[in-house]
Every structure is written in structure tokens, then in C-alpha cells.
Amino acid sequence: MKTIFITGASSGLGKATAKLFAANGWNVIATMRRPEQETELGQIPNITLLPLDVTNLQQVRSTVQQAIALSDIDVVFNNAGYGLMGPLEAISDEQIVRQFDTNLLGVIRVAQAFIPYFREKKRGLFLTTTSIGGHITFPFSSLYHATKWALEGWNESMAFELRKIGVGTKTIAPGGIQTDFIGRSLDFSPHPAYQQWTDSLFAGIEQHQFSPVEAIAAVVYEAATDGKDQLVYLAGPDAEAMHARRRELGNEAFHQQMEATFLGA
């Protein structure tokens, strides 16, 4: 029986992925900041809950070692993250640090802790949730995009060295997902000077067609099991359509179209 280690499994895509892999006969080590508050996953026999705050380096190292002691890990799914939105001048330095610490450095910390283990086994796979926002951008999300574009570049470069030791690495780039991301996992900082444009942005987002979280979890499962040497998995019809549209129009024309769509002419 194979085992997957998942970060950010308390809700949304992480939780749906844990349930899907467990239903398909995998052992699942589902990590989250407060596992004592999780009431659903803990009732599933082949799911083990462990505490993990990816911004805490010592806890990353200790939880990874605990997971390795519990099971032979085959796949690591770096999924923990959240969105920071708002005009840059409204965002504090503390918020900036937290965004990079969670979305980017947290992924790197977990991967670095697992690499020696995978190298010794000469096999293993890293999956990382990025976003279509790692390939295109939306207004007033510059720091979120900075982390997701960084993850795509990090993953592509890491693939060179990991292949040499028999280890794979892939990103999952979803579009909009029907989860509580906007309510639970979004940090928005308003500024009165930009009010009309941020209102326009959120009005546009509300019209967006979101994918069921189970459909995105299915892409994660595909990436984990298809045996392909593929760097990026676009997840969701909107992600595929926006990615194709940017390639079709070119960077500048696509950027202008996005501005007109979400901020008005």
C-alpha cells in the first residue's frame, strides 16, 4: 500500500485529496496546524493526522521524521497556502513576510526535509499546488502571484537535480475551486484610493465558473499515479482556457484583456 504525505489538509483541496487517496487504498498522512480540531479525516481508518505549521522549521523537520517513522512515503503533496490580495501600498511588511513564508518557503522547507529520504530510496515524487496564478496574473494579487510564479520556477529547476537521484517533481495549477478559499484562506487589505477597482475585481470573480474541489483532487491523483515525466498539470477548464488564451494573444494583449475584464476599460 502506497503512502502520501499532504500539507494543508484541514480543508479545501488538501482535505478532498486526502479523502480521494484514502478511498483508492492509499495510506494518507494528513497534516495541518490544528489536527485536534479535525473531526472527519480522523475517522477514516487509513488516514493519520499530524500537526504541521509549514512556517515552523523545527516542526517541519520533526513532523517529517515522525511521518517517515510511521510509513514508507511515496508522494509528498505540498498544498498548504493562502491568498493575499489588495493594493501593495495597503499591505504590511508582516503580511508580505507571512505570504512568502507560507506559500513559498513552507514548500521549500518540506521538500528539503524529504529529499535525503527520497535520495536514499532512489524514488519518490513531490507534488506542489501552485495555481493558474503561477502562469497568468489578476489585479491586486501581486504578492500571491509572486509566490506562485516562484514555485513554478523552483519546481522546474528542481526537476534537473531530482531526476538525477530518481525523484520526480510536478506542479498542480488549478483555476477557481469551489472551496472556502476566498472566505477562509484569503487575506484582503483594502485601500480607499483603489476601492472602485477592487470592487470591480471581486464582482468579476463572482461571475467566474469554479470547478468542484473533487475534480481538482482527481488531477492530483492523476499526477501521482500516471508515471509521466510532466512538469505542470493545469487543473480545471478555466485554467486550461486562460492558459491557452494567453499563448494565443501574447503577453501584452492578454494583459490588456484581463484589465478590461476585471477593472473596466
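Please specify each residue of the stretch 218-258 satisfying the condition of being within 16 Å of Thr130 (Cα to Cα), hydrophobic (A, V, I, L, M, F, W, C) and in a helix (DSSP H, G or I).
The answer is Ala218, Val219, Val220, Ala223, Ala224, Ala239, Met242.
I'd like the residue in the stretch 183-205 that is more than 13 Å from the chain's Cα centre (by Cα) and farther than 15 Å from Pro139 by Cβ and, out of all such residues, is modelled with the lowest pLDDT.
Going through the qualifying residues, I end up with Gly183.
For the stretch 207-217, which positions are of a type outside the set (Val, Ile, Thr) and in a helix (DSSP H, G or I)? Even if it seems obvious, please write down each step before you answer.
Applying the first criterion (of a type outside the set (Val, Ile, Thr)) to the stretch 207-217 yields 207-212, 214-215, 217.
Glu214, Ala215, Ala217, listed by residue number.
Are any of the residues in the stretch 174-185 in contact with a Phe, Trp or Tyr (Cβ under 7 Å, 6 or more places away or on another chain) and part of a strand (DSSP E or B)?
Within the stretch 174-185, one or more residues are in contact with a Phe, Trp or Tyr (Cβ under 7 Å, 6 or more places away or on another chain) and part of a strand (DSSP E or B).
Is it true that some residue in the stretch 142-162 is crowded, with 23+ Cβ neighbours inside 10 Å, farther than 14 Å from Ala223 by Cβ and among the aromatic types (Phe, Trp, Tyr)?
Checking the stretch 142-162: at least one residue is crowded, with 23+ Cβ neighbours inside 10 Å, farther than 14 Å from Ala223 by Cβ and among the aromatic types (Phe, Trp, Tyr).
Just checking, which of Ser92, Ser131 is of a type in the set (Gly, Ala, Ser), crowded, with 19+ Cβ neighbours inside 10 Å and more than 24 Å from Val64 (Cα to Cα)?
Ser131
What pairs come out if I take residues in the stretch 130-143 that are closer than 18 Å to Leu249 by Cα and free of Cβ contacts under 8 Å to residues at least 60 places away in the same chain and pair them with residues that are aromatic (Phe, Trp, Tyr) and crowded, with 23+ Cβ neighbours inside 10 Å whose C-beta lies under 8 Å away, six or more apart or interchain?
Gly133/Tyr144
Yes or no, residue by residue, for (1) closer than 28 Å to Gln112 by Cβ; (2) buried (at least 18 other Cβ atoms within 10 Å of the Cβ); (3) in contact (Cβ under 8 Å) with a residue 40 or more places away in the chain; (4) among the small types (Gly, Ala, Ser):
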position: Lys164; (1), (2), (3), (4): yes, no, no, no
position: Ile177; (1), (2), (3), (4): yes, yes, yes, no
position: Gln195; (1), (2), (3), (4): no, no, no, no
position: Glu214; (1), (2), (3), (4): no, no, yes, no
position: Glu248; (1), (2), (3), (4): no, no, no, no
position: Glu252; (1), (2), (3), (4): no, no, no, no
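Applying the selection to the stretch 55-101, what residues are without any contact (Cβ under 8 Å) to a residue 24 or more places away in the chain and either within 23 Å of Gly176 (Cα to Cα) or among the small types (Gly, Ala, Ser) (or both)?
Within the stretch 55-101, Ser62, Ala69 qualify.
I'm trying to understand the selection: among the residues of the stretch 54-83, which are surrounded by fewer than 23 Cβ atoms within 10 Å (Cβ to Cβ), within 19 Å of the chain's Cα centre (by Cα) and of a type in the set (Gly, Ala, Ser)?
Gly83
Take the residues of the stretch 101-157 that are in a helix (DSSP H, G or I) and aromatic (Phe, Trp, Tyr): which is nearest to Ile6 (Cα to Cα)?
Among those residues, the one meeting the criterion is Phe114.
Being of a type in the set (Ser, Thr, Tyr), touching a Lys or Arg at 6+ places or on another chain (Cβ under 9 Å) and under 28 Å from Ala260 (Cβ atoms): is that true of Thr130 here?
Working: of a type in the set (Ser, Thr, Tyr): yes; touching a Lys or Arg at 6+ places or on another chain (Cβ under 9 Å): yes; under 28 Å from Ala260 (Cβ atoms): yes.
Yes.
Within the stretch 159-166, identify whether any single residue is assigned to a helix (DSSP H, G or I) and of a type in the set (Asp, Glu), and answer yes or no.
First, pick out the residues of the stretch 159-166 that are assigned to a helix (DSSP H, G or I): 159-163.
Within this subset, residues satisfying the condition of being of a type in the set (Asp, Glu) are 161.
Yes, the conditions are met somewhere in the stretch 159-166.
Which number in (1) under 25 Å from Trp154 (Cα atoms); (2) touching a residue at least 12 places away in the same chain (Cβ under 8 Å); (3) charged (D, E, K, R) marks the one condition that Asp226 misses?
(2)
The values are calculated or read from the model by the stated rules, or taken from the named source; none is laboratory data. In this text the structure is predicted, and so the values were computed from the model without any measurement. No Cβ is skipped: glycine too gets one built from the backbone with ideal geometry, and neighbour counts run over all protein chains shown.
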